[in-house]
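Okay, so here's the structure we're looking at.
Quick note: the coordinates plus some simple rules give every number you see, no bench work behind them. Predicted model, so just to flag it, every value in this text is computed and none were measured. Don't worry about glycine lacking a Cβ; one is built from the backbone with ideal geometry, like all the others, and counts go over all protein chains shown.
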Amino acid sequence: MQAIIHILLSGGGGNIDYFYLADITQDTKIHIIATIITSYIYSFHMPLFFFLSGEVYSYTNKNITFSDLIQKKSKRLLIPALIVFLFYYLPIMFFTGYYDSFDLTVMWQIIFPGGNYLWFLESLYICYIFIWILNRWKTNTEAIKYVLVVFVWIIGIFFWKKAVEFVPFGNPFRYFLWFYLGIKAEEIRHTIKLTYRVLFLLFVIQANIWGAQQAFGHGEILIGSISGFLIIPFWVICTESLASRISEKHSYFVKRVASYTFGIYLYSDPLNYLILYLFHRQFGNAGFCCNFTAGILYFSRIFITTFLAVLISKLIKKMGFQYLC
């Protein structure tokens with residue numbers, strides 16, 4: 001299931017703004033369609049990621065000490081984020097012209113990663129700390145914990161809407177709700193049976209709600225939350241059903257793909273900008289205005305970046321730095 005979900009999420013990385021490279025006066029149909037698809041994926045892909053992370057957490061040792069938690073998650077999440085940011089992300093972004101000067105604003109993204117794609121690692125790290133604290137809070141009713149989690153989510157929404165440039169660590173407050181729901185969903189997952197008709201209905205309702213929000217441009221917070229509650233069960237149950245039907249022969253391939261998903265997350269995004277830069281150097285502004293070349297560019301940015309990210313991950317593994325991939 002992990003591989004299938006991550007393959008889906010990688011499709012959302014294809015819509016990176018290229019207008020910083022060139023003065024584009026006419027957009028292509030390919031880019032418009034890609035933008036719509038990507039916007040749809042963006043409507044649920046990060047809540048889905050944290051939801052799945054919560055499900056995975058439910059299988060881990062809950063009695064781990066705080067010091068062991070910090071040590072383990074720092075090595076798995078924070079150290080890779082810092083090393084990749086300094087020695088991979090920044091060099092590529094300066095080379096491609098995304099950043100034209102080295103200043104405090106750029107380095108500040110380590111703490112306030114508004115434009116840094118590695119923010120999800122920092123947010124996930126804080127979510128592990130939140131859940132460790134919450135698990136050790138003794139209360140007579142579980143409802144109080146839900147109220148606290150929702151309160152944390154409201155804080156995250158405030159940061160998101162009012163202080164977007166100063167959201168610390170990628171806004172874990174906004175996503176902890178989905179992390180927590182993933183834990184709880186895993187506890188009751190086997191008691192819930194949804195037919196494919198119900199799942200398809202959830203998908204249709206969510207798609208229409210998302211389409212209405214895009215058309216009218218209002219209710220982003222409410223509609224985004226409703227969309228998450230509708231679409232996450234759809235993708236989780238569908239991918240579990242698909243995974244159960246994969247033969248033993250093909251399951252080996254899927255597991256191989258899953259073993260590189262973390263490396264794909266770490267290394268594919270800057271490669272998008274590198275491909276854009278090289279494409280613009282070769283074809284100029286005209287390449288962005290042609291549907292044929294725009295189509296090649298879009299699909300190459302999904303498949304070529306994924307392929308190169310896997311190669312980078314394999315090389316790093318051979319060098320003995322498994323925690324960086």
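Observations on the model:
- Stokes-Einstein D in µm²/s, Kirkwood radius over Cα pairs - the stretch 31-115 at 37 °C with 0.692 mPa s viscosity: 202 µm²/s
- Computed from backbone phi, the HN-Hα couplings of the stretch 78-95 come to 6, 4, x, 4, 5, 5, 5, 4, 6, 10, 10, 5, 4, x, 5, 5, 6, 4 Hz, rounded to whole numbers (Karplus: 6.51 cos²θ - 1.76 cosθ + 1.60, θ = phi - 60°; Gly and Pro given as x).
- Order of Phe169, Phe44 - criterion: other Cβ atoms within 10 Å of each residue's Cβ, fewest first: Phe169, Phe44
- Among 286-297, 55-66, the order from most to least packed when residues are scored by Cβ within 10 Å on average: 286-297, 55-66
- Length added when fully stretched, Tyr196-Leu86, from 0.36 nm per residue minus Cα-Cα: 35.0 nm
- With R₀ set to 45 Å, the beta-carbon distance separating Val106 from Asn63 gives a calculated FRET efficiency near 0.65.
- Put in order of Cβ neighbour count within 10 Å, fewest first, the listed residues Val167, Val198 become Val198, Val167.
- Our coupling estimate for the stretch 116-125, obtained by passing each phi through the Karplus curve with A = 6.51, B = -1.76, C = 1.60 and θ = phi - 60°, is 9, 5, 7, 4, 5, 5, 5, 5, 5, 4 Hz, Gly and Pro reported as x.
- Paramagnetic label reach from Arg136 (point 7 Å along Cα→Cβ; backbone nitrogen cut-off under 14 Å): within the stretch 38-65, residues 62-65.
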